[in-house]
Amino acid sequence: MRRDIILDTETTGLDANNGDRIVEIGCVEMINLYPTGKTFHVQINPERSVPKGASDVHGLTDAVLADKPKFREIAEDFLAFIGDSTLVIHNASFDIGFLNAELHRLGRPKLTDDRVVDTLMLARRKHPAGPNSLDALCSRYGIDNSKRKYHGALLDSELLAEVYVELLGGKQADLLAGGGATSQKDARAQSGSTRRARKPARTRPAPLVRPDFAADRAAHDAFVAKIGDAAIWTKYAAKPDPSPAD
């Protein structure tokens, strides 16, 4: 059985190393690339103010988050939900950086890169001309994102779950699920393995007849004979094989 966790976060800003914090986490469970309906969703009190620029993106303000739990209060539930499953994230370095900063504050082990699939990297490989934002990929694959007025962690994870399946081959992704890929390397290999099946080679109804060059060779020999010993071809003419010993 293959278990993936599609994950997204919202934050107070862009720099986890400069005091910005997580304000929302959304996760969607997928088994063999099918959503199970199980989710993890929590809004978090970041223990600092939320700049207006960030609120304009995700709609979460100081007033909304004032009575929400702090990260340390939800950490155990979050870690229990994701377990040791593959984490599927769009622009993973951003979210993993914030999650690891929060875990570091609690003295907990970091989430390692070998369990992460970055769908932005998959998309760039499959569609090098881009664009490869989540909205752009939804548009490319005909996924309805009309409810996405703000960047909400759970809604974005639900949309990303659909995009992820498309990146792995769309309706044929169930064939890939049996492989049980659980790493970014495996997912990249899968995203490059959906080539068109090669058609069987066509056979000729009759074999080609090898041309007879005897007449051409005779004409050439006659031409060389007219030139005589000065003909350069005489230097390269094949010598007759020696007669086999009696």
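Throughout, read-outs are computed from the coordinates displayed, never taken from laboratory work. Remember, it's a predicted structure, so these values are computed and weren't measured experimentally. Positions of Cβ are backbone-derived with ideal geometry, glycine not excepted, and every protein chain shown enters the neighbour counts.
Annotations
- Extension gain, Thr61 to Met1, is 17.6 nm, computed as 0.36 nm per intervening residue step minus the present C-alpha separation.
- Simple spin-label estimate for Asp144 and Thr112 in nanometres, 7 Å along Cα-Cβ: 4.2 nm
- Computed E for Ile31/Lys52 - FRET, C-beta separation, R0 35 angstrom, nearest 0.05: 0.30
- Distant-in-sequence amide contacts of Thr11, defined by a placed amide H-H separation under 5 Å and a gap of 5 or more residues or a different chain, comprise Val23.
- Each residue of segment 40-182 gets 127 Å³ once the volume of the Cα convex hull is shared out per residue.
- Applying the criteria of a DSSP loop state and at most 16 other Cβ atoms within 10 Å to the GluC sites (Glu not before Pro) of segment 32-115 yields Glu47.
- Along principal axes, Cα extents of segment 72-154, largest first, whole Å: 41, 28, 19
- Each Lys or Arg adds one and each Asp or Glu takes one away; over the other residues whose Cβ falls under 14 Å from the Cβ of Arg21, this sums to -4.
- Calculated over segment 1-74, the projected area of the Cα convex hull averaged across directions stands at 5.9 nm².
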